[in-house]
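The values are calculated or read from the model by the stated rules, or taken from the named source; none is laboratory data. Here the structure is a predicted model, which means the values were calculated and not measured. Counting neighbours? That spans all protein chains shown, and the Cβs are built from the backbone with ideal geometry, glycine included.
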Amino acid sequence: MIKITAASKVYEEIKKTLLKRLDNVYRQDNHMGGPWITHCEQRLKDITGRKHAFIVTSGTSAITIMCLALGIKQRDNVSVINYSIPSTVMPLKLLGAKLSFCDLNKFGQQDVSNIRPTNKKAILTTGLYGDCHDHDQIKDLGIPILNDSAQCFLSKYKGIEATKFGDASILSFSYNKVVPVFGTYGAILTDRDDWAEKIKYMRKNGYVNNSQSTIEHIGIQAQPHPDKCVQLATSLDYVQKWQARRQEVAFTLREAFENIGLGMRQSPKYSHTNYHKFCIFVDDKIKFAHKLSKVGIEAHLHYTYNFSKNPLLSDNVNKKFPMTDFFIKHALTIPSHPWMTNKEIKKVIEGVKSCMNKKDYNIHP
Ligand SMILES: Cc1ncc(COP(=O)(O)O)c(C=O)c1O
């Protein structure tokens, strides 16, 4: 089976460096904090241009802490994307916020063009597939912006790192991301000194060391560990090479499918994508994914949720979100990653072609 991700191939490639570094880490007695964390945080600051970077244990915990830093509380109204991985909105629901949903646009990005600022505590922006929202449309609304840029690491918005936007932004280093670890990890990035001061406490249950007798912040257990940071640092060492190959694989797939009239998601003009996910449009994505699996190709349904229709998340189940409906029905992710061999790329192209019937051609949002 040609898989969407390739953790074992990542391991093969990095194991020499990784195991040497891990051996040093496991010979120590301290597994909280330390130089590997500082090293990774500095590299994230260098790459993104952010003033502060904090490694945490997942993208979801990063979103939670970003919400805590803003002080989101019960019944605060927050604008969010209507279609994503549930992790995007769960932290807000945990804190009791009320969600106002934005539909997607034809690029599969959060449509932020119609956000009404009245009574909004914040906008949570979420970039999908390797691109990001159109930040200029919201930058002057006067509302705090929390940027879920988990899928946008190394993408550019108008030439600037997509993770540079918002009062804070977050990263995920999940095994399927452009900088993967084994499992997941995450980071919060901000230029705000006041938030940076709070985040230090918030990622460690509200305290930094046991010598203090006061607790001034509510937080969660999300403090980083050297062994995971070794994985992250090692992936960062390889990321330029991986991104070059990721682009090559995506170009090859795109060229092959363009010629036959298979619909593919496009990037918005303002964005330089990181090629995180390769998204095709077919008539019925569930049936198509099933057919692909029969010819040895794994496909993912990213995504199947219309948050506005879920009574746990929304109290406005009747509003229409046509582009969400389109992506739920048609948008399918197929394997496109740096560890695919040329033979596997060819197999994916042939496999997709062989599964297409008349209805699968020329589907565009
Ligand atoms: C857009 C988005 N937000 C948040 C997350 C959550 O990240 P994690 O799985 O590291 O908690 C992900 C992970 O896939 C994501 O894609």
All positions within the range 143-161 that are out of contact with any helix residue (DSSP H, G or I) (no Cβ under 8 Å at 6 or more places or on another chain) and buried (at least 23 other Cβ atoms within 10 Å of the Cβ): Gln151
Take the range 12-28 and flag every residue that is polar (S, T, N, Q) and either surrounded by 14 or more Cβ atoms within 10 Å (Cβ to Cβ) or under 11 Å from Gln231 (Cβ atoms) (or both). Thr17
Give the range 86-107 a look and list any residue that's closer than 30 Å to Gly263 by Cβ and in contact with a helix residue (DSSP H, G or I) (Cβ under 9 Å, 6 or more places away or on another chain), or say none. Pro86, Ser87, Thr88, Val89, Leu99, Phe101, Asp103, Leu104, Asn105, Lys106
Inter-residue pairs, beta-carbon under 8 Å, first at pLDDT 95 or above and in the range 11-27, second hydroxyl-bearing (Ser, Thr, Tyr), 6+ apart: Glu13/Tyr238; Ile14/Thr234; Ile14/Ser235; Ile14/Tyr238; Thr17/Thr234; Leu18/Tyr11; Leu18/Thr234; Arg21/Thr234
Which members of the range 64-81 meet the condition of being on the phi < 0 side of the Ramachandran plot and more than 15 Å from the ligand (Cβ to nearest atom)? Leu68, Ala69, Leu70, Ile72, Lys73, Gln74, Asp76, Asn77, Ser79
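Which one of these is touching a residue at least 24 places away in the same chain (Cβ under 8 Å), in a loop (DSSP other than H, G, I, E, B), within 12 Å of the ligand (Cβ to nearest atom) and in the same structural domain as Ser174 (by TED's automatic domain parsing): Ser61, Ser84?
On the way: Ser61 fails: in a loop (DSSP other than H, G, I, E, B).
After applying the criteria, what remains is Ser84.
Yes/no matrix, rows are residues, columns are (1) assigned to a loop (DSSP other than H, G, I, E, B); (2) surrounded by 22 or more Cβ atoms within 10 Å (Cβ to Cβ); (3) more than 14 Å from the chain's Cα centre (by Cα); (4) on the phi < 0 side of the Ramachandran plot:
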site: Asp140; (1), (2), (3), (4): yes, no, yes, yes
site: Gly166; (1), (2), (3), (4): yes, yes, yes, no
site: Ile170; (1), (2), (3), (4): no, yes, no, yes
site: Gln223; (1), (2), (3), (4): yes, no, yes, yes
site: Leu232; (1), (2), (3), (4): no, yes, yes, yes
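May I ask you to list the residues in the range 317-356 that are part of a loop (DSSP other than H, G, I, E, B) and either among the small types (Gly, Ala, Ser) or touching a residue at least 12 places away in the same chain (Cβ under 8 Å) (or both)? Break it down stepwise before answering.
Our first condition is that a residue be part of a loop (DSSP other than H, G, I, E, B); within the range 317-356, this holds for 317-321, 335-341, 356.
Within the range 317-356, Lys319, Phe321, Pro335, Ser336, His337, Pro338, Trp339, Met340, Met356 qualify.
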